[in-house]
Amino acid sequence: MIAEPMLGASDAEAFRTLAARVHHGVAVARTALAEIHDRRLWCAAGYRSWGDCLEREFGMADIPEVMQR
């Protein structure tokens, strides 16, 4: 049996700090992806489609659900 780690208030604070960084990063990426899409900047970069851009530039077949909110 693996013992659960002893977690305290400092760990909860570390979680909150890291979660806030993730939320900010997702918001920044969401905004940038929306602008690339809406302004069709992927065309200027030479991609044949939005899907091609996502796959080749970012390694994604589609926008992750978390990015669509």
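The values are calculated or read from the model by the stated rules, or taken from the named source; none is laboratory data. On a predicted model such as this, the values are computed, not experimentally measured, just so you know. Neighbour counts are summed over all protein chains in view; Cβ atoms, including those assigned to glycine, are modelled from backbone coordinates with ideal geometry.
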So if I check each of ALA3, ALA32, which one is out of contact with any Ser or Thr (no Cβ under 9 Å at 6 or more places or on another chain), among the hydrophobic types (A, V, I, L, M, F, W, C) and part of a helix (DSSP H, G or I)? ALA32
Which numbered condition GLU65 fails, given (1) charged (D, E, K, R); (2) surrounded by 10 or more Cβ atoms within 10 Å (Cβ to Cβ); (3) modelled with pLDDT under 90: (2)
